[in-house]
Amino acid sequence: MIEITIRGVRPEDLDRITEIESVCFPATEAAQRESFRERIAAFPEYFLVAEADGILIGFINGCVTNSAVIYDELFHSTSHHIPDGKNLTVFGLDVIPEYRNLGIAAQLMNHFIQLAKDTGRRSVILTCKERLVHYYESFGYVNNGISGSTHGGSQWFDMTLVLG
Ligand SMILES: CC(C)(COP(=O)(O)OP(=O)(O)OC[C@H]1O[C@@H](n2cnc3c(N)ncnc32)[C@H](O)[C@@H]1OP(=O)(O)O)[C@@H](O)C(=O)NCCC(=O)NCCS
């Protein structure tokens with residue numbers, strides 16, 4: 001298995017994160033540099049990156065909310081982050097194409113789920129495309145059907161992982 005390091009984000013990761021996001025998502029869905037800058041400032045503890053050979057190859061990030069599901073405003077303003085809220089959200093999970101199918105996203109997700117447990121959250125919530133529903137189910141997420149989110153003009157599914 002490939003050796004990777006998972007660590008907390010640093011302000012100097014901003015440009016590389018923005019670049020990775022633009023590779024992983026279409027322009028209509030990709031978060032922009034300013035949005036990442038705000039997130040890194042507002043909730044760095046919920047922003048993990050993966051490194052291989054000293055190069056940043058992927059990341060996961062999200063905020064905390066009392067909402068049971070993701071809603072679009074969450075993506076657009078860090079003012080919706082409620083530090084002592086019940087649910088940890090996943091805004092995005094990105095791994096660059098050259099490092100896919102090696103379990104790196106799974107390692108990022110498992111660290112994120114552990115973070116949610118360690119900070120006493122009730123659940124982890126995310127939205128995903130239909131093709132990834134089975135992937136998130138493999139972590140124990142339950143599919144709650146089509147999301148109210150129309151982020152980037154796409155159809156999304158609400159997924160919830162209830163923590164024991
Ligand atoms: C979705 C995404 C994050 C997955 O990243 P990844 O690191 O390739 O994910 P994993 O390696 O954990 O799992 C991917 C597949 O590889 C398989 N896999 C995991 N470890 C493996 C290994 N050691 N050897 C071979 N296959 C493996 C997984 O079972 C999974 O297969 P499945 O799709 O049939 O379930 C990545 O493709 C990506 O960034 N996509 C674009 C952005 C996106 O859509 N993000 C998610 C929406 S928020």
### Query
For segment 14-22, what does the Karplus curve 6.51 cos²θ - 1.76 cosθ + 1.60, with θ = phi - 60°, yield as ³J(HN,Hα) per residue in whole Hz, taken in order and with x for Gly and Pro?
3, 5, 5, 4, 4, 5, 4, 4, 6
### Task
Please get the size of the charge dipole for the chain, origin at its Cα centre, with Cβ charges of +1 on Lys and Arg and -1 on Asp and Glu, quoted in debye to the nearest 20.
420 debye
### Query
Which whole-angstrom value gives the distance between the alpha carbon centres of segment 141-164 and segment 102-125?
16 Å
### Query
Any idea of the accessible area per residue across the chain, 1.4 Å probe, to the nearest Å²?
49 Å²
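From the helices alone, meaning DSSP H stretches of at least four residues, give me the mean residue ellipticity at 222 nm for the chain, per-run term -39500 (n - 2.57), in deg cm²/dmol to the nearest 500.
Details: 5 runs with 45 residues, N = 164.
That calculation yields -7500 deg cm²/dmol at 222 nm.
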### Query
Rg to Rh for segment 5-162: what is it, with Cα atoms only and Rh by Kirkwood?
0.92
### Task
Evaluate the distance, in nm, between pseudo-label points positioned 7 Å from the Cα of Glu73 and of Ile55 along their respective Cα→Cβ axes.
4.1 nm
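Determine the share of the chain's accessible area contributed by carbon and sulfur atoms, expressed in whole percent, with a 1.4 angstrom probe. Spell out each step's value before the answer.
Working: 4120 of 8060 Å².
Carbon plus sulfur share of accessible area: 51 percent.
The values are calculated or read from the model by the stated rules, or taken from the named source; none is laboratory data. Computed from a predicted structure; not experimentally measured. Because the Cβ atoms are built from the backbone with ideal geometry, glycine has one as well, and the counts that use them run over all protein chains shown. The area values use the complete protein model at the heavy-atom level, side chains included, leaving out ligands, DNA and RNA. Shrake-Rupley method; radii C 1.70, N 1.55, O 1.52, S 1.80 Å.
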